Structures are given as C-alpha cells and as structure tokens.
1. Return the equivalent ellipsoid semi-axes of the chain as a descending list in whole Å, where each equals the square root of 5 times an eigenvalue of the C-alpha gyration tensor.
2. Sort V57, V270 by Cβ crowding within 10 Å, fewest neighbours at the top.
3. Note the full-extension length gain between A153 and H99 as 0.36 nm times their separation in residues minus their Cα-Cα distance, in nm to one decimal.
4. Just to be sure I understand the model, the point goes 7 Å from the Cα along the line to the Cβ. What's the resulting Q131 to M183 distance in nm?
5. Compute the separation of the alpha-carbon centres of the stretch 40-99 and the stretch 162-195 and state it in Å as a whole number.
6. Any idea what diffusion coefficient the stretch 175-314 gets from Stokes-Einstein, in µm²/s, Kirkwood Rh on alpha carbon pairs, 37 °C, 0.692 mPa s?
7. How do R36, R275 rank when sorted from fewest to most other Cβ atoms within 10 Å of their own Cβ?
8. Alpha carbon centre of the stretch 222-240 versus the stretch 265-285: separation in Å?
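Nothing in this text is a laboratory measurement; each read-out follows from the coordinates by a stated rule. Not measured: the values here are computed from a predicted model. In this analysis, Cβ positions are derived from the backbone assuming ideal geometry, glycine residues included, and neighbour counts consider all displayed protein chains.
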Amino acid sequence: MGEVTVNTEWLSDCSGCHVAIVDLHEKILSVLEAVRIQRCPVLTDIKDYPPATVGLVSGAIRNEHDRQAALEMRKACDLVIAWGSCAVFGGPAGAGNIHTPDEIAAAVYLENKTTVPAPPPSKMVSPLESQVSPLDSVVEVDLYLPGCPPHPAFVFEALIALVEGRQPEVNGRSVCAKCKRKMEKTGVETLRSHFEGVPDPERCFLSQGYTCLGSVTIDRCLAPCPGNGVPCTGCAGATMQILTEPNRDIRTEIADRMSRLTRIGRDEIVRSLERSAKSHYSYTMATQMIGNKPTFHIRKWIEEEQADFEAGGEA
C-alpha cells in the first residue's frame, strides 16, 4: 500500500476517542511515519473533506450535522472505521431514545430546576434527529473499533494493520479474560451498590454481590477498571453472544452468573438491573441489535420503577 492518508471526524461524543491517539505516546511516531493525518478536528480547523485512504469517525448520529458529516466522510474515504462505542453502538447518547426531542429540550432548557429557564436552541443549531443511532445506520462501515475510548493498543493495531494491508488482529473475548479476580462461590446474600463497603481486591465482584458487566462486555480496554477496584460498566459494548443471540440479555446473563456465585436470588438481581437499565444499557441501547431484542423492555422497566417510587412516597 502506498501513502496512507487519514481523515478523522468527531460527531456526537466526548472527544475521548481523539484523545486516544495522543495516548499512543511514543508509538504515535510509528504511526506518523506510515500515515499522513490530513483532517482532524481536534488538531486543525479544516472544514472540507479531502480524499483519504482511511476515515476514523467517532460519535453517534444525533443531529442533522452528524448525518451530513458522516455522508461526507464516506464519500471522501476509501475505508471508514466506526471508532469508539458511540460510533459502533450509539453510546451514552442512546439514552435519549427513551424520550422525544421535545421532552429533552423541555427538560434541559425549560424545566430544569438547576438553571435559569431559557428558550430552546434556535434554528441556527442543528436539530436533533428523532432517534440516536450508530454510524452504520447512515453509511457503510468497513471496520468496527468499539471502546470508550478503545485502548491505544487496539488503535495502534488497527492503524498499522491498515498500513500493512491486512486485517487487524481482534478477539471476541470478554473483559473477564484480562481480569485477574477469582470467580468463586460465596455466602453473600445481599446486593451491594458500588459505594458500599470496600470490595475484596482478589475476588470477582459478582461473587461479592457487586454488579459488574465484565462478563458481558467485549474486551477493548484490557480491563483497567476491575484491576483497580472498579466494577466494569460495559463501556466497550456487549459481547457478540449478547448482540447476536435473541434470547441472551445483559441483565439475565449477569443474574444467572451472580445467583450461582452467591445466595442472592436470580429474580432479585434481574429486577435490580432493570431499575438501573439506563446505566447498564447506556452504551448499546441505540443499536438495533439491543434495542430491537424481544427481551429489551426499557420503557416498561422505567414505568415499573416510577410506580414503585410513587408507592413508596405515598407509604
């Protein structure tokens, strides 16, 4: 392959995926020797889309600007990479799919108790689309690189593989594959919130009654959170088993494992995960592989949680 030119684009996301390039540290020198980055919003103020070999697109499709930018990148680039969990799955912005654009505007600008009431954005601001969606809902994607952001090791491997004209080396392992904690049966009888107590640093979080999504999350991070005492929140997106098998679901898979490792009832675990579904499904609910599952009923779970809350208040 001759000179490899790279364009990057930043849609609805937090910029973390662009920062991951800097996190390559000295390895970025190897990348820069092999590629020429010619468009990168975080580095340069370039408005057009020059022809390029590779396009790295981070962020979800959230508004009209995102859609047009994605189309321009697809036209300009030979290969397009969905870069990060927002581009691959829709990311945390996908929680907006539970509400209409009008409801969101009202909550943020008109009914927010912590801010001075303000009018909704003017027509000069790119309007929200009716739904948040992943990049491949708008353009064809050649390579998926999930992660929040993807670990620099995976970014480096993807870029170098494209330079060398080969497929990147990837795996389908879960975060647990890189976690050194021991999964073992315990007598724990109570679910614990992340802020309750100090977890045993040697034992699996599930064995201790803490919700950890490592076993249902694909490894694109090398498990830094469990290794540092923080349960996995699923930021790299669900494993292929969860995504592709209709009856596999994040909450039921976690409940099955935790109930076997502890004395906590499976139904209690499932209900707990449903009450926090916006958090546990936040990175993936915008993708049809999760949002259209027959097991995914987030609006029903939210209504049940609201009913329980109101009943508790009346009591």
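1. Details: eigenvalues 248, 145, 52 Å².
Over the Cα atoms of the chain, the ellipsoid semi-axes are 35, 27, 16 Å.
2. Values: V57 29, V270 18.
So the residues, fewest neighbours to most, are V270, V57.
3. Values: separation 54, 0.36 × 54 = 19.44 nm, distance 3.64 nm.
Here the answer is 15.8 nm.
4. In this crude spin-label approximation the distance works out to 3.3 nm.
5. Going from one Cα centre to the other spans 28 Å.
6. Values: Rh = 15.5 Å.
Estimated diffusion coefficient is 211 µm²/s.
7. Working: R36 11, R275 16.
Ranking R36, R275 by Cβ neighbours within 10 Å, fewest first, gives R36, R275.
8. 16
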